[in-house]
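Written below as structure tokens is the structure these notes are about.
Read-outs throughout are calculated quantities, based only on the coordinates presented, and are distinct from any laboratory measurement. Model, not experiment: these values are computed from the prediction. Every residue, glycine among them, receives a Cβ derived from its backbone with ideal geometry; neighbour counts consider all protein chains shown.
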Amino acid sequence: MAAPEPTDGAPVPATTSAPAASRIRTLHPGWFASVMGTAIVAVATYENPGNVGGLEGLAHTLGIAFSVVAYALGLALTVAFAIRWARHTDASLADLRHPVLGAMHGTLPGGLLVMAVMTSVVGTSYLPGQLAVGIVAVLAVVGIVIALVLSVAFSITLFTGATAAETVNGGWLIPPVVTIIIPLVLVPLMPHVSAGNARLLLALGYATLGMGFLLYLFVMGLLHDRLVLHPMPPAALAPSLWIGLGPIGVAVLASLALARAGHTLFGPTATTVSMISLLVATALWGFGLWWYAAAATLLVRYLRAGRLPFHLGWWGFTFPLGAFTVATLTVARAWEAPVIEAVGVLLFASLIGFWSVVAARTVRATASGEVWTR
């Protein structure tokens, strides 16, 4: 039996002697955050931050390389998690009921959906067209079903349990951000279905955007109150504060993508819808700048107080920042604003820095066994 998880979400010291069966049983539900983080780095890199023509080829090559790593991680972890849920259902359900670990289960469908987005952006450059569409469709269906089930299941555990205010953390934003990703996997499928089904996918895209964004607002309100009215979360939860960037970045991308996808369906109002979507997306992006500054300031505060304990929650630095980076590049190009593009380049540089550090620490912790035992 695995050691109990501390209430602050930090792992207990690990050993290197845990057998394979024990490693599967104690598999951390946040592992799929590595897939989300790596896949969004692939997308951000492929988008050629800075829009320098001479670097486009290199950007595409590196984006493809990151996508291959994301596919490999996704495949391996899908098998591992399927085995865990089949053989150790009790341990999986116990994690789902945990106020910190429960929300991290959302990284599983999140990883599948971000891989679908990555495939629609990067995969089409080296995969046969029909194969890429098929991969997007399969990942979309599986990811959407799991995302919605886990979102409701985790919320019910909070609604029916005795949850202390101090347990509120940024990880609770994972289910909302995963829901907001859904429109981004539906839009690439629209050109490959009938007109009627395309309208249905568009409607579902707007529905899930609203679903996820309202959940984001509810949780963000709780998190804001927790930060204002209670002592700062323990250092182990510092990365979770960065997750607030994820729903913002994805909502920006989803609103713009849905407006583009529905351009032919909106008729005479298409231009108006596109402009309103751009204005809303830009307003959300502005709040993202504020949250980035707040999260960075709090991270410096934590670092000054002492070293942050490493755990898989560190991947919370990567996907949210990556989503906001891609959103920044998209807003910059929509407004044709070089200054905003420059901001995107700076964000991309910090994204690569975070990903490199977290990936290296993960490899080291995996080799030492620290990451396996809780």
Subject >> Helix axis angle, 33-46 relative to the chain longest principal axis, alpha carbon, degrees >> reply: 30 degrees
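Mind sorting Phe154, Phe266 by how few other Cβ atoms lie within 10 Å of their own Cβ, fewest first? Walk me through the numbers on the way to the answer.
Values: Phe154 23, Phe266 14.
Ascending number of Cβ neighbours within 10 Å: Phe266, Phe154.
If neighbour count is taken as other Cβ atoms inside 10 Å, put Trp172, Trp85 in order from fewest to most.
Details: Trp172 27, Trp85 14.
Fewest to most other Cβ atoms nearby, the residues stand as Trp85, Trp172.
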Original post:
With r defined as the distance between the Cβ atoms of Leu200 and Leu131 and R0 fixed at 25 Å, what FRET efficiency is calculated, to the nearest 0.05?
Top reply: 0.55
Original post:
Once the Cα atoms of helix 318-335 and of the chain are each reduced to a long axis, what angle between those two axes, in degrees from 0 to 90 to the nearest 10, is obtained?
Top reply: 20 degrees
**OP:** Give the angle, between 0 and 90 degrees and rounded to the nearest 10, that separates the Cα long axis of helix 107-121 from the longest principal axis of the Cα atoms of the chain.
**Re:** 30 degrees
Original post:
Once segment 212-295 is represented by equal point scatterers at the alpha-carbon sites, with solvent omitted, what log10 I(q)/I(0) does the Debye formula produce at q = 0.13, 0.25 Å⁻¹?
Top reply: -0.52, -1.21
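Determine, for Ser67, Ser120, Ser125, Ser155, the number of other Cβ atoms within 10 Å of each Cβ, and report the residues in order from fewest to most.
Values: Ser67 26, Ser120 21, Ser125 13, Ser155 17.
Ranked by crowding around the Cβ, least crowded first: Ser125, Ser155, Ser120, Ser67.
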Original post:
Along segment 75-85, what does the Karplus equation 6.51 cos²θ - 1.76 cosθ + 1.60 (θ = phi - 60°) give for ³J(HN,Hα), rounded to whole Hz, x for Gly and Pro?
Top reply: 5, 4, 6, 4, 5, 4, 6, 4, 5, 4, 5
**OP:** Among Val331, Val149, Val177, determine the one that fluctuates most according to a GNM of the chain built with springs between C-alpha atoms less than 10 Å apart.
**Re:** Val149
Subject >> Charge dipole (the chain, unit charges on Cβ, about Cα centre) - positive-most of Val252, Thr208, Thr366 >> reply: Thr366
Subject >> Percent of C-alpha pairs per 10 Å bin, segment 298-343, short to long >> reply: 23, 34, 25, 17, 1
**OP:** Work from the charge dipole of the chain (Cβ charges, +1 for Lys and Arg, -1 for Asp and Glu, about the Cα centre) and give the residue of Ile276, Val141, Ala86 farthest towards its positive end.
**Re:** Ala86
Original post:
Over segment 40-168, what per residue volume does the convex hull of the Cα atoms give, in whole Å³?
Top reply: 120 Å³
Subject >> Cα principal axis extents for segment 260-374, largest first, Å >> reply: 61, 29, 21
**OP:** Give, rounded to the nearest 20 debye, the magnitude of the charge dipole that the chain has about its Cα centre when Lys and Arg contribute +1 at Cβ and Asp and Glu contribute -1 at Cβ.
**Re:** 440 debye
